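Quick notes on the structure that follows.
The values are calculated or read from the model by the stated rules, or taken from the named source; none is laboratory data. Quick caveat: nothing in here was measured; it's all calculated off a predicted structure. Because the Cβ atoms are built from the backbone with ideal geometry, glycine has one as well, and the counts that use them run over all protein chains shown. For accessibility, only protein heavy atoms count, side chains too; no ligands or nucleic acids. Shrake-Rupley method; radii C 1.70, N 1.55, O 1.52, S 1.80 Å.
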Amino acid sequence: MKYPCIISILMTSFVMLAHANPSSVVYQDGLAEYTCHKPTISDPKLQNATVSCLFHDDGNIAQIKHQDKFGLINKDGKLISDIRYDDISFYDDEHHTALVQIDNKYGLISTKTGKELTAVHFDKMHLFSQNRMAVSLRGKSGYIDPAGNMVITPKYGNAYRFEDGLAIVSNDGNVKDDTYRMGVIDTAGKEILPPIYKSVSINDNLIYFADETGYHGVMDSQGNIIIKPEYPHMDSFHHGFAVVSLTRDLNGYIDKTGKEVIPPQYLYAKTPVKIGDKVLFIVAKRQGNKWQFGAVDKDNRVLIDFIYDHLIGIEKSNIIIANQDNHQLILNHEFKAVTPHLYDAIISFDEEIGIYQKDNKYGFIKTDGNQITEPTFDDIKPLYSQRYTLSKAHTTYYGYKVRVGDKWGFVDLDGKELLPVVYDEIVNWNDNHLFIKQNHRYGRANSQGNIITPPVYEQYRPLNDGYIKTKMDDTWYLIDPTGNNLGKTSPPKSAN
């Protein structure tokens, strides 16, 4: 099994260290147990060493600790580095590297060969992005490549991660005394912008900057000015338009040529959203003694009348949530109200299905305003599975658990009941599996609502790959992913 890089990073913080000997052991993370494969050490001098699981470098590398120092060992039990480091962390399986630490200094080591790719002398080291790692040496920041070569000389106050071939760097200034300045470089170290700007951000290969006057403008990825710095405030572009402000109460929109498609005139202007085939500009103006929200198109023609207390555009569901007199309703892609009555709150939407609240009860509603269920539930919580990459967690929703009184049930993303509201608890677990509790007994169901293991067990402990340990009549059993009882097994380490 290949573990994503972020898992390798996280595992070092809680992995169980077992004494070095042949075989596999089980380690525990919360309620879950996992099989821990660890190498065998034959060197008698290291018999008191402890070894981590083979998590790193596609399961080929483990961390060894001896006399409070760390090193690397491969799956065959061979040392591939000296055991001399105060810590080893941030394993990067893509680049086959890890960070090592000695006396609060850092270096880069190869997890393939155990060779130090850099001296252990950096004050700070970060994660790789686009084959560049920001490092700090004697108070200056630069970049190294995965081979440990210094490709951009440390000369900046701060250096940040690369995205789309560009990274933000700064001088040695201080924000408090207004001497902090920012610039942009490419992966070769060429200064697209020298660090002389009050603020810099990068989005979709455009560089947003503020000059010494504090006014904002836009450059392309080569540093050519597209929009001159003319506005005290400016957002990034969405759907080809950006919010600009002349004062707090004068807000409008420009296009990517810098043309003011809606000159600054509104009390408030939201980031443009696309609803249906139209780009919608949600804005507010004063009506009497209160703000009123409406929406206009790029020609400043009113699409939604200024009669609402607030508007929120939800692109993925193609609707607008409108606040009116302390209640909420849905406007469809034609900007017409489709809800038959006002709700206390419309909590969230996932594509076509949303959750609403009325009289302290919850129900499900569709984007066309039709109620899937009456407001009968006391609580609704999403159920989901997650997978991790180095940069983020990827979440997939597959249903909701719903509560009436002190009992829980399970419905799918369309609001259809899959498990009745009869369970004491329903717990989300990996691989779209649910643990169910009824009458102080535990079982398991899948995301289609099928009972895999009925709630007959006194305790349960999840293992990896869909297996679980269950307890009945003081005996522990191993259950496979399909619910088959494979027979007696050893108790989990945390069992009472």
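Full extension of the chain between Arg84 and Lys69 gives 4.9 nm of extra length, using 0.36 nm per residue less the Cα-Cα distance.
Counting other C-beta atoms within 10 Å, and keeping those with at most 13, which DSSP coil GluC sites (Glu not before Pro) do you find in the stretch 151-248? Those that pass, being in a loop and sparsely packed, are Glu212. Only helical runs count toward this figure. For the chain, summing -39,500 (n - 2.57) over DSSP H runs of n ≥ 4 and dividing by all residues gives -500 deg cm²/dmol at 222 nm. Seen from every direction in turn and averaged, the convex hull around the alpha carbons of the stretch 165-228 projects onto 4.1 nm². With all projection directions averaged, the alpha carbon convex hull of the stretch 259-338 covers 5.4 nm². Could you state the number of Å between the C-alpha centres of the stretch 81-99 and the stretch 260-333? After rounding, the separation between the Cα centres reads 52 Å.
D by Stokes-Einstein for the stretch 209-368, Kirkwood Rh over Cα pairs, 37 °C, 0.692 mPa s: 194 µm²/s. Measuring how big the stretch 142-248 is from its alpha-carbon positions, Rg and Dmax come out at 14.5, 50 Å.
Taking label positions 7 Å along the Cα-Cβ direction at both Asn289 and Asp359, the computed distance is 3.3 nm, reported to one decimal.
Within the accessible surface of the stretch 45-136, defined with a 1.4 Å probe on protein heavy atoms only, the carbon and sulfur portion equals 43 percent.
Taking 0.36 nm per residue of separation and subtracting the Cα-Cα distance, full extension of the segment from Thr271 to Glu458 would add 62.1 nm. Ranked from largest, the principal axis spans of the Cα set of the stretch 276-425 equal 53, 42, 25 Å. Pairs from the table (Lys38/Lys78; Lys316/Lys358; Lys198/Lys298; Lys256/Lys316; Lys176/Lys256; Lys274/Lys416) lying more than 22 angstrom apart at Cα are Lys316/Lys358; Lys198/Lys298; Lys256/Lys316; Lys176/Lys256; Lys274/Lys416.
Computed over protein heavy atoms with a 1.4 Å probe, the carbon and sulfur contribution to the accessible area of the stretch 159-313 reaches 49%.
Here the Kirkwood formula, the inverse mean of 1/r across different C-alpha pairs, assigns the chain a hydrodynamic radius of 27.4 Å. With protein chains left intact and a 1.4 Å probe, residues in the chain average 49 Å² of accessible area per residue.
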